[in-house]
1. In this structure, is Ile193 of a type in the set (Val, Ile, Thr), touching a residue at least 60 places away in the same chain (Cβ under 8 Å) and within 30 Å of Asn98 (Cβ to Cβ)?
2. Please find, among Leu100, Leu85, the residue that is crowded, with 21+ Cβ neighbours inside 10 Å, modelled with pLDDT of 95 or more and outside any loop (DSSP other than H, G, I, E, B).
3. For region 40-71, enumerate the residues that are hydrophobic (A, V, I, L, M, F, W, C) and either in contact (Cβ under 8 Å) with a residue 60 or more places away in the chain or buried (at least 22 other Cβ atoms within 10 Å of the Cβ) (or both).
4. How many residues does region 197-251 contain that are of a type in the set (Gly, Ala, Ser) and on the phi > 0 side of the Ramachandran plot?
5. List the number of the failed condition for Ala312; all other conditions in (1) buried (at least 21 other Cβ atoms within 10 Å of the Cβ); (2) in a helix (DSSP H, G or I); (3) more than 24 Å from the chain's Cα centre (by Cα) hold.
6. For the condition of a type in the set (Phe, Trp, Tyr) and out of contact with any strand residue (DSSP E or B) (no Cβ under 9 Å at 6 or more places or on another chain), what is the one hit in Phe162, Phe184?
7. Where the second residue is at pLDDT 90 or above and aromatic (Phe, Trp, Tyr) and the first is more than 13 Å from Leu291 (Cβ to Cβ) and lies in region 115-133, which pairs have Cβ atoms under 9 Å and are six or more apart or on separate chains?
Amino acid sequence: MIFAASLNRTLAHQRKLKVFNDPVYGSIGIPNDFILQLIAHPFFQRLRRISQMGFSYLSYPGAHHTRFHHALGAMHLMTKAITTLRYKGIEITVEEENALLTAILLHDIGHGPFSHALEEILIPDIHHETLSLKFMRELNHLFKGKIEMAISIFTGEYPKKFLSALVSSQLDIDRLDYLKRDSFFSGVAEGNINSERLITTMNVLDDHIVLEEKGIHSIEKFLMARRFMYWQVYLHKTSVVAELMLKNVIRRARFLIQKRPGFMEGTVVGEFLRQQIGMNHQDFLTKFAQLDDTDIISLLKTWMYDSDSILAFLSKGLIHRNLLEIEFYDEAPSHNQWERILKKVGDFFKITSVDAEFLVYQGILHNTAYDRKQQPISILKRNGEVVEFLTLSQFSSNSGFTAQHKRYYICFPKSVV
């Protein structure tokens, strides 16, 4: 009886294995209680309500996955990378392992609603990585310094530079997950990569991540997939137009706040647009952590019936997928082209040129798969020599990897075509 009671108490106190069922990798295990506490924190749980691919679901209906999915997937791949490097004799301590897992888990925690769509719009000139770092420092305070090393790795200040490269580089764990995941959920097979194969070819030499020569074709496939995914998915014209419209909805709301007393009073989004909450305000993170996709969708549904015709027009367009027209150009459109379209829109809607600029946008899209000016992808040859990736690639004479492709555009309402 005594033994049975003792056994029951022991079993009752055993840790339960927490597993997430992921459609891309299968079961994702949570390595320890600390990581589980981070996942359970409201700052991280908010990522369940942040779309991974913004408005891509308007053109790819399956692309409804979230930053929460991506963060867990990246952590899963990081555990595989750590296991691979340790097997090859690379020292990664238990503390460094936890710091790596923490850094990759939290690397996107600063994303706002619809991810990149409203970056530097809700909070002008502030990149999501700056906000991620701010969240990490707050969590470090809450968890009594346990995230200090993860922050050091995230910022690139940790002495072992190869650890930081696993989190952020031209072939990092972040990209290995989001390309495979976004390809899966969008149904775009051209973007599918062999993440596991790339990880098994990783090694470390002179504190730098290198990939063994046998992985050269997997790297080529990775870079090709990245270029395809940008043109075919991330920079798809529907996604581009929808995100531009959303940016201008927020710009218009900020404009109306100056004109209409009481507009957006009592909303968190309104507080940010009024700049009532500064980056150094003690409640900044608490307020920002309240923002997610549902706040924006709710506002759009309300603004569909707003007295401001421009705000209502853009909001209805986004809710009903009645988007603006976009025209692409090989060269930058002339100022006369821009002025001509702007005048047409102004005349058609009987609005001023200032108001017309909320309905007509011009810009440029960039797509570069591989930038040799950044930290290059290094290949460890079979004879021990380390060379830059392109010196071995059979496509090195082709500019497909390194050329910066550009597409100029002008957006405007379809009714003036």
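The values are calculated or read from the model by the stated rules, or taken from the named source; none is laboratory data. These numbers were taken from a predicted model, which means no experiment stands behind them. We place every Cβ from the backbone using ideal geometry, glycine too, and count neighbours over all the protein chains shown.
1. no
2. Details: Leu85 fails: crowded, with 21+ Cβ neighbours inside 10 Å.
Result: Leu100 is the single residue among Leu100, Leu85 that is crowded, with 21+ Cβ neighbours inside 10 Å, modelled with pLDDT of 95 or more and outside any loop (DSSP other than H, G, I, E, B).
3. So the first thing to find is which residues in region 40-71 are hydrophobic (A, V, I, L, M, F, W, C), and the list is 40, 43-44, 47, 50, 53, 55, 58, 63, 68, 71.
If the condition is that a residue be hydrophobic (A, V, I, L, M, F, W, C) and either in contact (Cβ under 8 Å) with a residue 60 or more places away in the chain or buried (at least 22 other Cβ atoms within 10 Å of the Cβ) (or both), then Phe43, Phe44, Leu47, Ile50, Met53, Phe55, Leu58, Ala63, Ala71 are the ones that fit.
4. 0
5. In the conditions (1) buried (at least 21 other Cβ atoms within 10 Å of the Cβ); (2) in a helix (DSSP H, G or I); (3) more than 24 Å from the chain's Cα centre (by Cα), Ala312 misses (1) alone.
6. When all the criteria are applied, what remains is Phe184.
7. His116/Tyr234; Glu129/Phe154; Ser132/Phe154; Leu133/Phe154
One line per residue, one yes/no per condition, for (1) at pLDDT 90 or above; (2) hydrophobic (A, V, I, L, M, F, W, C):
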{"position": "Gln275", "(1), (2)": "no, no"}
{"position": "Met279", "(1), (2)": "no, yes"}
{"position": "Ser315", "(1), (2)": "yes, no"}
{"position": "Phe348", "(1), (2)": "yes, yes"}
{"position": "Leu365", "(1), (2)": "yes, yes"}
